[in-house]
Amino acid sequence: MSKVTVFLPFSNQEHSSILINEFLYHPLVDKIILIAEQDYNNGFTTIVTKSLTSSKTIQKIIQLATGEYFLIVTKDTLIQLNQFAIERFISFAETFNAPLLYSDYYDLSGEKKIAHPVQDYLPGSVRDNFNFGPILFFSTQKVIQNIEQYGNLSLTNFAGLYELRLRLSVEFFEKKNSTPILRIPEYLYSQIETDVRKSGERLFDYVDPKNRNAQIEMEIVFTKFLKIIGAYLKPKFDKIPADKTEFPVKATVIIPVLNRVNTISDAIESVFKQKTDFSFNCIVVDNHSTDGTTEKLNELSYKYPKLFHIIPKSKTLGIGGCWNEAIFHDRCGKYAIQLDSDDLYSDENTLQKIVNMLDTGKYGAVIGSYKMVNFDLKEIPPGIIDHKEWTDNNGRNNALRINGLGAPRAYRTSILRKIKFPNVSYGEDYAVCLEISRHYRIGRIYEPIYLCRRWEGNTDAQLSIPAENLHNFYKDTIRTKEIFERIKLNKKTKS
């Protein structure tokens, strides 16, 4: 049976020695090499580095891997191998001839064991926060072949492991039925979980200012990857198509709502406080609420004549389906502007700022910035989400890597009617914005013009692990579709 070189993070803490012993006497382990900030002279070869994921560290790992396979524990945490774990990694690697494998695992908390399934890897699973779990299992030969084909990794402090993973995934785009990155749907090990934040609290890690340098590196290596697979889009955009449709108003605020009796009034009042030099209205698509929201909207309709309360006939609509109901309604204006039923516009000038940009005729959509607040509208971490990582030259490429594009989102209704929203309740806006950005320039407003309320009623405030996986899998599916569409577009442009 094949031998495995094991690379372990080492911090000279109590669990560090336990982690070493977990692998040390395994008959299939060729050797153990430590990754630490200093050499502790404990008898083990040590890669001295400040970053486990830097390109220099990853290149050194590849050089020192003497077994047919090598395994990296990517977190400084305690790992317990489950029965025949390494044997199963090897067996799957040999059967599928896969360069990179990972598996489901358990989270341990005291005596409590929590199943932590991970999701399958798709060609579009290109976000840098994809959860493989803390064990990555590589084919040494496959990795060396990849380095020989594409050269050494880019010189980065944080993005080396990310770049290697992206490179290995190129096979998705070169060979049919290839599975270069494979999930083993078995619980092969257990870990002590260290990031115990709720799913909603982890959503915005990529825009945390302290992570900015890492994100710049991720964007650089991701852009290189898009060029390798033929999905990179140059900063050349289609002209906004002429539209002779006669719209009843210039702008319509669209609010899909389901059971938000505690917040819907605030949202609508923030709409009608807007001061503009153009006509606008508001369409609320009430998705068969049962908590008093419908009755509240009936009351508000009398107060605000430009509020149109719609209850769709279908009871199978998600948020995207509700948007479709609104954009195809005869009361919808030239521009369709988003407002979630939990949220508010930050002041009376939000709509004017958005429409001013759309009126330039340069943009297929405009996206603003928002401030995170609690139910009482007090600012909470991470504060302002401005997506300053977006650039006019590379924003639509980098958009494939990150998990969202911001809010509020505003669109040309004529473009939306051609694209249409997917009838889902998560990621519908991301799917539409990616498709728009494939063809048209997207305008950005970097000052906060929107208040995003985080509270226990948010749909993504505290997701279960399976639910979080489903959300991520859907967005990865959208990314996969979009990447292949961009490859197709580039081939068509060249022909």
- Answer yes if at least one residue in the stretch 18-26 is outside any strand (DSSP E or B), surrounded by 15 or more Cβ atoms within 10 Å (Cβ to Cβ), without any contact (Cβ under 8 Å) to a residue 40 or more places away in the chain and of a type in the set (A, V, I, L, M), and no otherwise. yes
- Task: Mind listing just one residue for me: the one in the stretch 67-79 that is at pLDDT 95 or above and surrounded by fewer than 21 Cβ atoms within 10 Å (Cβ to Cβ) and, of those, nearest to Gly133 (Cα to Cα)?
- Result: Thr74
- May I ask you to verify whether Leu226 is surrounded by 15 or more Cβ atoms within 10 Å (Cβ to Cβ), in contact with a Leu (Cβ under 9 Å, 6 or more places away or on another chain), farther than 28 Å from Ile436 by Cα and modelled with pLDDT of 95 or more? no
- Task: Just give me the residues in the stretch 1-17 being closer than 14 Å to Leu78 by Cα, open to solvent by less than 80 Å² (accessible area, probe 1.4 Å) and not in a loop (DSSP other than H, G, I, E, B), in sequence order.
- Result: Phe7, Leu8, Pro9, His15, Ser16, Ser17
- Please verify whether the stretch 287-307 includes one or more residues that are open to solvent by less than 70 Å² (accessible area, probe 1.4 Å) and in contact (Cβ under 8 Å) with a residue 60 or more places away in the chain. no
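Could you please find all residues in the stretch 131-160 being buried (at least 19 other Cβ atoms within 10 Å of the Cβ) and of a type in the set (Ser, Thr, Tyr)?
Taking the stretch 131-160 and keeping what is buried (at least 19 other Cβ atoms within 10 Å of the Cβ), we get 132-140, 143, 146, 153, 156, 158-160.
Once the filter is applied, which keeps residues that are buried (at least 19 other Cβ atoms within 10 Å of the Cβ) and of a type in the set (Ser, Thr, Tyr), the stretch 131-160 yields Ser139, Thr140, Thr156.
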- Item | the stretch 308-341, residues that are of a type in the set (Asp, Glu), part of a loop (DSSP other than H, G, I, E, B) and either open to solvent by less than 80 Å² (accessible area, probe 1.4 Å) or within 20 Å of Asn423 (Cβ to Cβ) (or both) | Asp340
- Query: Here are Asp128, Asp120: which of them is surrounded by fewer than 15 Cβ atoms within 10 Å (Cβ to Cβ) and within 21 Å of the chain's Cα centre (by Cα)?
  - Reply: Asp120
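Output the number of residues of the stretch 362-391 satisfying the condition of being open to solvent by 10 Å² or more (accessible area, probe 1.4 Å), of a type in the set (S, T, N, Q) and closer than 19 Å to Arg409 by Cβ.
In the first step, residues of the stretch 362-391 are kept if they are open to solvent by 10 Å² or more (accessible area, probe 1.4 Å); the result is 362-363, 370-371, 374-382, 384, 386, 388-391.
Then keep just the ones that are of a type in the set (S, T, N, Q); that gives 374, 391.
Keeping just the survivors that are closer than 19 Å to Arg409 by Cβ gives 391.
Counting residues in the stretch 362-391 that are open to solvent by 10 Å² or more (accessible area, probe 1.4 Å), of a type in the set (S, T, N, Q) and closer than 19 Å to Arg409 by Cβ gives 1.
The values are calculated or read from the model by the stated rules, or taken from the named source; none is laboratory data. Since the structure is predicted, the reported quantities are computational estimates derived from the model, not experimental observations. Cβ sites come from the backbone with ideal geometry, for glycine too, and all protein chains shown count toward neighbours. We work out accessible area using only protein heavy atoms, side chains counted, and drop any ligands, DNA or RNA first. Shrake-Rupley method; radii C 1.70, N 1.55, O 1.52, S 1.80 Å.
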